[in-house]
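A short write-up of the structure that comes next.
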Amino acid sequence: MRALLFSDPSNLPKLVSASKDIAEEIHAITWEKIAVPVDRLEVIKGALVNDCWVSQLHEEIKTFDLMLMPATRDSKEIASRLAAKRGLPYISGALSLKASDGLLTTRVVFGGRGIEELKISMPAVITVNLDVYEPSFGEPKSVEERKIECSSKISSIKERERKTDVDLTKAQVIISVGRGLKKKEDLSMIKELASLLGAEISCTRPISADLKWLPEERHVGMTGVKVKPKIYLALGISGQIQHAVGFRDADTVIAVNTDPDAPISEISDYFIVENLYEFVPKLIKAIREKRKEKSN
Ligand SMILES: Cc1cc2nc3c(=O)[nH]c(=O)nc-3n(C[C@H](O)[C@H](O)[C@H](O)COP(=O)(O)OP(=O)(O)OC[C@H]3O[C@@H](n4cnc5c(N)ncnc54)[C@H](O)[C@@H]3O)c2cc1C
């Protein structure tokens with residue numbers, strides 16, 4: 001099988017690992033020279049927007065059995081447009097790839113609850129979830145560098161680094177709030193508790209995306225951050241699967257909810273049926289008293 005890989009330079013070494021067991025011949029395209037063990041590395045400069053890559057790869061893809069890209073936001077857009085343009089089958093976010101009279105792949109479904117097995121016939125376009133792959137480094141057998149001129153109706157004006165004040169993925173203790181919180185002002189008691197516990201604050205999507213009480217980078221879940229703290233304290237959160245996939249790697253989950261049947265009761269280690277407006281002040285008071293006792 002001949003595979004064409006297209007990737008940003010940082011993901012390319014892992015994409016090469018993903019393709020090694022299924023392809024006899026590997027060609028890779030990226031925009032900065034990088035040492036990867038492929039048959040041919042093409043370094044193409046000048047394609048500043050996705051439109052340019054779609055028209056460029058549309059020609060390149062013709063002679064290959066398989067086109068692989070990382071499952072990043074940009075690559076997924078390029079891959080789906082290419083597949084549609086060429087009338088090829090497309091799988092997004094494959095976890096594994098195995099040659100078998102075509103290609104067998106798996107991918108996560110139902111927000112992480114299940115794994116789907118899919119068989120796809122060649123030629124095909126696939127974006128790969130690279131989390132499980134180790135990078136492959138080595139000298140390419142041949143390298144070609146060129147610059148292209150690209151005219152597109154879209155032009156990139158400026159790229160800015162996104163500044164975030166928090167990295168939830170590294171937090172050891174997280175207090176997460178959901179729609180059980182009634183007003184934005186009530187975040188002050190959550191902040192007080194967080195500062196006593198040395199915790200970061202996160203939330204469900206409605207709190208950040210709909211109510212805008214906390215910034216987007218603090219929402220946990222399928223479309224947000226995946227966290228793995230030692231303690232995840234969920235206050236007024238129902239535990240819908242789209243949120244739950246974001247904290248499933250937490251060591252200990254403690255949930256406080258007025259509804260004894262809230263879905264989070266099934267997935268938490270400690271489930272406390274209580275009003276968070278009673279629970280949080282009581283906990284703050286208890287911590288303060290304990291600390292006072294210790295200091296006396
Ligand atoms: C495509 C898609 C992607 C999504 N991605 C995400 C995602 O990444 N992250 C995410 O979080 N959501 C996501 N969602 C939304 C998700 O489905 C849920 O709607 C959301 O997680 C629910 O948020 P919540 O638990 O805060 O609110 P609710 O479901 O309304 O739950 C509020 C809970 O608070 C309890 N409660 C009420 N008052 C109190 C009180 N005083 N004390 C204690 N408990 C109280 C209630 O009993 C209830 O269980 C997504 C949805 C879709 C369709």
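The values are calculated or read from the model by the stated rules, or taken from the named source; none is laboratory data. What you see is a predicted model, and the numbers here were worked out from it, not measured in a lab. Reconstructed Cβ throughout: ideal geometry from the backbone, glycine too, with neighbour counts over all protein chains shown.
For the stretch 248-265, a tally of residues being at pLDDT 95 or above and under 21 Å from residue 173 (Cα atoms) returns 10.
Residues in the stretch 101-134 that are in a loop (DSSP other than H, G, I, E, B), touching a strand residue (DSSP E or B) at 6+ places or on another chain (Cβ under 9 Å) and among the hydroxyl-bearing types (Ser, Thr, Tyr): 121 alone. Restricted to the stretch 225-244, and to residues there that are more than 11 Å from the ligand (Cβ to nearest atom) and among the aliphatic types (A, V, I, L, M), the residue that is farthest from residue 270 (Cα to Cα) is 227. If I filter the stretch 101-113 down to residues being within 16 Å of the ligand (Cβ to nearest atom) and among the hydrophobic types (A, V, I, L, M, F, W, C), which single residue comes out as farthest from residue 19 (Cα to Cα)? Per the criteria, the residue is 110. Are any of the residues in the stretch 245-262 within 13 Å of the ligand (Cβ to nearest atom), surrounded by fewer than 21 Cβ atoms within 10 Å (Cβ to Cβ) and assigned to a helix (DSSP H, G or I)? So far as the stretch 245-262 goes, no, none of its residues is within 13 Å of the ligand (Cβ to nearest atom), surrounded by fewer than 21 Cβ atoms within 10 Å (Cβ to Cβ) and assigned to a helix (DSSP H, G or I). Apart from one condition, residue 222 fits all of (1) touching an Asp or Glu at 6+ places or on another chain (Cβ under 8 Å); (2) within 14 Å of the ligand (Cβ to nearest atom); (3) not polar (S, T, N, Q); the exception is (1). Among the criteria (1) closer than 30 Å to residue 30 by Cα; (2) not in a helix (DSSP H, G or I), the one residue 174 does not fulfil is (1).
What number goes with the only condition from (1) aliphatic (A, V, I, L, M); (2) exposed (fewer than 12 other Cβ atoms within 10 Å of the Cβ); (3) under 21 Å from residue 242 (Cα atoms) that residue 157 does not pass? In the conditions (1) aliphatic (A, V, I, L, M); (2) exposed (fewer than 12 other Cβ atoms within 10 Å of the Cβ); (3) under 21 Å from residue 242 (Cα atoms), residue 157 misses (3) alone.
Yes/no per residue for (1) away from the ligand (no atom under 16 Å from the Cβ); (2) closer than 30 Å to residue 57 by Cβ:
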residue	(1), (2)
115	yes, yes
119	yes, yes
122	yes, yes
138	yes, yes
146	yes, yes
183	no, no
194	yes, no
206	no, no
211	no, no
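Scanning the stretch 270-296 for residues that are free of Cβ contacts under 8 Å to residues at least 24 places away in the same chain and within 34 Å of the chain's Cα centre (by Cα) gives 270, 271, 272, 273, 274, 275.
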